[in-house]
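A quick write-up on the structure given underneath.
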Amino acid sequence: MQAKRTVFPNKGLPYLLLVPQLAVTLIFFIWPALQAVKSSFEREDPFGFKTTFVWFENYRRLFIDPLYLSTVSKTAIFAVSVTALSMSLSLILAVAVNRVLRTNRLYTTLLVWPYAVAPVVVGILWWFMFNPTIGIAPYMLRAVGISWNHRVDGVDAMVLIIIAASWKQISYNFLFFVAGLQSVPQSLIEAAAIDGAGPFKRFWTIVFPLLAPTTFFLLIVNINYAMFDTFGIIDATTQGGPAQATNTLVYKVYTDGFIGLNIGSSSAQSVVLMIIVIALTAIQFRYVERRIQY
Amino acid sequence: MIENRPFLAFLTHLVLILGVVIVVFPVYLAFVASTHGSGDFMRGLVPLLPGPHMIENYSFMLNEGISTAGAPPLSIMLLNSLVMAISIAVGKIIISILSAYAIVFFKFPFRLLAFWTIFITLMLPVEVRIIPTFKVVADLGMLNSYPGLIIPLIASATATFLFRQFFLTVPDELMEAARVDGAGPMKFFRDILLPLSRTNIAALFVILFIYGWVQYLWPLLVTTDSRYYTIVMGIKRLAATADAEPQWNFVMAAVILAMLPPVLVVILMQRLFVKGLVETEK
Amino acid sequence: MASIDITGVKKIYAGGVTAIHNLDLAIPDGELVVLVGPSGCGKSTLLRMIAGLEAISEGTIAIDGTVVNAKEPAERDIAMVFQNYALYPHMTVRGNLEYGLKNRGTPRDEIDRRVNEAARILEIAPFLDRRPRQLSGGQRQRVAMGRAIVRQPKAFLFDEPLSNLDAKLRGQMRIEIKRLQRNLATTSVYVTHDQLEAMTLADRLVVMNAGRIEQVGAPLALYERPATLFVAGFIGSPPMNLIEIDYLRDKGALTLPEGTDLVGIRPDTIQLTQPEGPHLVMHATVELYEPIGGESHLHMRLEGSGQLIVAAVPARTAVTEGAKAVLYVSMSDLHPFNKETGRRTD
């Protein structure tokens, strides 16, 4: 791995510099992760007096549990919907901002701040808007003949968390698309214009293909976001309900483990999630390496 | 742009204005709600225009809070959030810049191992190790304390990578010149590297401040004593009761207050924010 | 003020690559020595070993009679001027000049005195409160020099200090460096890959190739009597023409030493009129006539062998491209070499 051509000759100092970071990492990251792996192979008796090593029993039960399998598919639906909705809205806005000159900064400012809103606050905002008794959204939906109640209707609840989670992620995607658009060489666009391509054709044949690295990067990041960073949104709106309709993998780890105190199953779920994060990170970094070769 | 087509320009602005409306409207609604009296939420629809009770609602929440929800006055929670966000940002920056310095400017056995150990934190978000991490913090006696809120969150692979990336772009000759000029490693770090990293530190601070402020799950796990509630987690407790007793005006005042500090940071330091965001994620 | 003695120095990198082979060089007090050679020849490595930025694998380097192998750069009392100047971008010019002195605990009034003196000599006094990025390339170069001279070190080390400047400025700064070094009489080691810079600056020139010294000597001595084929080809522009001895056997009465199989001819010793004394006569076709100003270069193809050679002739020599030319070279202007050993045979 890269270092400087010449380095300082000190022997002990670098370790001293690394101690704080490594201590926090080992105590609060690696040790707990190993504990999670360990207890995923164990079963506690109901009183917590005795733990027995049960091999893959927790995993086996997990993968035949219809509830868990339905959570997997709900999570997939949620993640894909959030990614698609948020990214497409962001791309449209980024392209638009890239076309305006003077008001560019103003629009950007007005569009980026939701990044700073906590997911749980986002949840409350949309929960308020869609509140079945006083919310403005159900009121308007009633006007067009749709009745809304995310407290009893699983589909409504899923739509609600998808909208809320997408709303929060617009600003992030927007900024990366803007950065991506700005790195498309102006000369290419001018050359295409001289070749007779109109603005829409130029976008689809020149700009969009050149944005592919950004799009791919955001795809991974958004899936990651939808799976792991939306805990607050779900906790504030549906809490996984109604009838598990909006329970995601992460939310289930929390409810099974922290509320339900089913340590073995919760740990096994944690390990499954770790494998998913490792896979996503690996994909992301492989792609970063490839981009460097450009 | 190349062509001058009025229709396209109109469409562009229309799209942007629609986007801004989508982004702003939920917050506008919350703000409006926070300016009304409790009675205004009995009728079928939320008010759409600001009411006259803004100052009274906000000062009530800041100074007293809703005791029935077990939440202390917001001013305490805001302070806790501020302490947590600033400490996390500063802590992450300090330990990351030190470890990046060690990794880039020294060669030593286990250097690669140290790098990968830090890298692994990327793959272990708190969500996947909730219970064991909680246990560690409990065993260390750090529940319901600032250190418990802060220290487990300050390891940072992304900040370390950012500094590493930046240090690699600092010309080798600068360090060599400093050595010829008689500067040892810590002197070089303090006199040359730290001043050169100023913009990166500032940009990172903005991002990490937001990161610290919006933490929800972690404070939820480690605080049961309302004196240590942060506003972001406390707000959830308020909202839970608001559904039963319509105190939307108070809840939304809290929502606005919980949003305001990090949102202001983004708006006022937009340039640093964008730099921090785009560069840490690469 | 000090001598630098390099004895049996080797540099072996971690991968096992040897960058410097058993090198000896003694630099007396006050001399300006230029290390010159193609990139990768080890000249920068050697300089960095003198500076203490690179560990010495074997042998010793002594400055002022003291072996410095184990000393930190700062303890060696040397100053270095870097190719990219390495000015501290967040400090003013004054801050840059002072930094090394402050680190050594030099008293305040002494720092001021030296900084002002250096600023006066280098004519950078008006910029003392500016930052490096507000300066032009030439000004930055002066500041980098200033940072070296305020220290009043035992030796100056220059690592290609002029290669980031444009040609005109490079010429100017070359003269200034030379003048400054004369006045201060500080022992200096100067690394460059530019042979013109090397020739004009050096008291003594050290030509390096593949981690070894090819030849050491006064610049003109090296030009006039290159000891190896490498030096012959490296010093002088356009480079020396090298012709197989077999081609020349019937071109005149050769009296070259035993073992000679390649003959070097400097372009400026090729004449178009018959000289007095013993000489060679060759026939060639002019392919390209290249006027430079003060002289012109003729690129020609030798009759028989078809080898391309270059001659440097007076500016307004009347030759046309495509014409035949008769070339004369005095026997005393021939440089005899042996291909096998790469060395001069006389």
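Numbers below:
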| read-out | value |
| --- | --- |
| Residue, most open to solvent (accessible area, probe 1.4 Å), within segment B:132-146, restricted to residues that are small (G, A, S) and within 29 Å of A:S265 (Cα to Cα) | B:G141 |
| Filter pass, C:E54 being in contact with a Lys or Arg (Cβ under 6 Å, 6 or more places away or on another chain) and either acidic (D, E) or under 24 Å from B:G184 (Cβ atoms) (or both) | yes |
| Residue check, B:Y101 open to solvent by 30 Å² or more (accessible area, probe 1.4 Å) and either within 7 Å of another protein chain (Cβ to nearest Cβ) or closer than 28 Å to B:A239 by Cβ (or both) | no |
| In segment B:154-181, the residues that are among the basic types (K, R) and closer than 30 Å to C:R151 by Cβ | B:R179 |
| Extreme residue, farthest from the other protein chains (Cβ to nearest Cβ), among residues of segment B:31-53 that are in contact (Cβ under 8 Å) with a residue 40 or more places away in the chain and open to solvent by 60 Å² or more (accessible area, probe 1.4 Å) | B:F31 |
| Members of segment C:131-161 found to be under 30 Å from C:D5 (Cβ atoms) and not in a helix (DSSP H, G or I), listed by number | C:V150, C:R151, C:Q152, C:P153, C:K154, C:A155, C:F156, C:L157, C:F158, C:D159, C:E160, C:P161 |
| Subset of segment C:203-227 [of a type in the set (A, V, I, L, M), open to solvent by less than 10 Å² (accessible area, probe 1.4 Å) and not in a strand (DSSP E or B)] | C:L222 |
| Filter result for the condition that a residue is closer than 24 Å to C:L254 by Cα and assigned to a strand (DSSP E or B), over C:L280, C:L298 | C:L280 |
| Conditions (1) closer than 29 Å to A:A94 by Cβ; (2) within 12 Å of chain B (Cβ to nearest Cβ): number failed by A:Q239 | (1) |
| Among residues of segment C:50-91, those that are at the interface with chain B (Cβ under 8 Å from one of its Cβ atoms), touching a strand residue (DSSP E or B) at 6+ places or on another chain (Cβ under 7 Å) and among the polar types (S, T, N, Q), counted | 1 |
| Test: A:V152 is closer than 30 Å to A:I234 by Cα, under 30 Å from the mean Cα position of the chain (by Cα) and part of a helix (DSSP H, G or I) | no |
| Any hit, segment A:137-147, residues being modelled with pLDDT of 90 or more and among the polar types (S, T, N, Q) | no |
| Total residues in segment C:11-24, condition open to solvent by less than 60 Å² (accessible area, probe 1.4 Å) and either within 11 Å of C:I56 (Cα to Cα) or touching a helix residue (DSSP H, G or I) at 6+ places or on another chain (Cβ under 8 Å) (or both) | 4 |
| Yes/no for A:T214 being part of a helix (DSSP H, G or I), open to solvent by 50 Å² or more (accessible area, probe 1.4 Å), over 19 Å from B:L122 (Cα atoms) and among the hydroxyl-bearing types (S, T, Y) | no |
| Selection count where residues are outside any helix (DSSP H, G or I), farther than 21 Å from A:N247 by Cβ and not aliphatic (A, V, I, L, M), scope segment A:20-79 | 15 |
| Top-ranked residue of segment C:228-244 - restricted to ones that are part of a helix (DSSP H, G or I) and touching a residue at least 40 places away in the same chain (Cβ under 8 Å), ranked as least open to solvent (accessible area, probe 1.4 Å) | C:A232 |
| Top-ranked residue of segment B:1-19 - restricted to ones that are open to solvent by 20 Å² or more (accessible area, probe 1.4 Å) and among the aliphatic types (A, V, I, L, M), ranked as modelled with the lowest pLDDT | B:M1 |
| For C:N22: the one exception among (1) away from chain B (no Cβ under 14 Å); (2) on the phi < 0 side of the Ramachandran plot; (3) under 24 Å from the mean Cα position of the chain (by Cα) | (2) |
| Looking only at segment B:104-117, and only at residues there that are of a type outside the set (F, W, Y) and facing another protein chain (nearest Cβ under 7 Å), the one that is most open to solvent (accessible area, probe 1.4 Å) | B:K107 |
| Failed condition for B:Y28, given (1) more than 7 Å from every other protein chain (Cβ to nearest Cβ); (2) within 29 Å of B:T224 (Cβ to Cβ); (3) within 25 Å of the chain's Cα centre (by Cα) | (2) |
| Residue check, C:R94 within 13 Å of another protein chain (Cβ to nearest Cβ), among the charged types (D, E, K, R) and on the phi < 0 side of the Ramachandran plot | no |
| Pairs where the first residue, in segment C:169-192, is in contact (Cβ under 8 Å) with a residue 60 or more places away in the chain and the second is part of a helix (DSSP H, G or I) and small (G, A, S), C-beta under 7 Å, 6+ apart | C:V191/C:S44; C:T192/C:A198 |
| Test result for A:K11, surrounded by fewer than 14 Cβ atoms within 10 Å (Cβ to Cβ), within 30 Å of C:R48 (Cα to Cα) and of a type in the set (K, R) | yes |
| Whichever residue in segment A:124-165 is of a type in the set (S, T, N, Q) and open to solvent by 10 Å² or more (accessible area, probe 1.4 Å) and, among such residues, is nearest to B:L238 (Cα to Cα) | A:T133 |
| Verdict on B:L149 being surrounded by 21 or more Cβ atoms within 10 Å (Cβ to Cβ), away from chain C (no Cβ under 14 Å), in contact (Cβ under 8 Å) with a residue 12 or more places away in the chain and under 22 Å from B:V232 (Cβ atoms) | yes |
| Any hit, segment A:217-234, residues being aliphatic (A, V, I, L, M), open to solvent by 50 Å² or more (accessible area, probe 1.4 Å) and in a helix (DSSP H, G or I) | yes |
| Residue identified as part of a helix (DSSP H, G or I), open to solvent by 30 Å² or more (accessible area, probe 1.4 Å), at the interface with chain A (Cβ under 7 Å from one of its Cβ atoms) and of a type in the set (V, I, T) among B:I95, B:I120 | B:I120 |
| Segment A:241-269, residues that are part of a loop (DSSP other than H, G, I, E, B) and among the hydrophobic types (A, V, I, L, M, F, W, C) | A:A243, A:A245, A:L261 |
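A quick yes/no check of all residues on (1) farther than 30 Å from A:V184 by Cβ; (2) within 14 Å of chain B (Cβ to nearest Cβ):
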position: A:F41; (1), (2): yes, yes
position: A:F53; (1), (2): yes, no
position: A:V72; (1), (2): yes, no
position: A:T75; (1), (2): yes, yes
position: A:R102; (1), (2): no, yes
position: A:W113; (1), (2): no, yes
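The values are calculated or read from the model by the stated rules, or taken from the named source; none is laboratory data. Computed from a predicted model, the values in this text were never measured in an experiment. Glycine also receives a Cβ, built like all others from the backbone with ideal geometry; neighbour counts cover every protein chain displayed. For accessibility, only protein heavy atoms count, side chains too; no ligands or nucleic acids. Shrake-Rupley method; radii C 1.70, N 1.55, O 1.52, S 1.80 Å.
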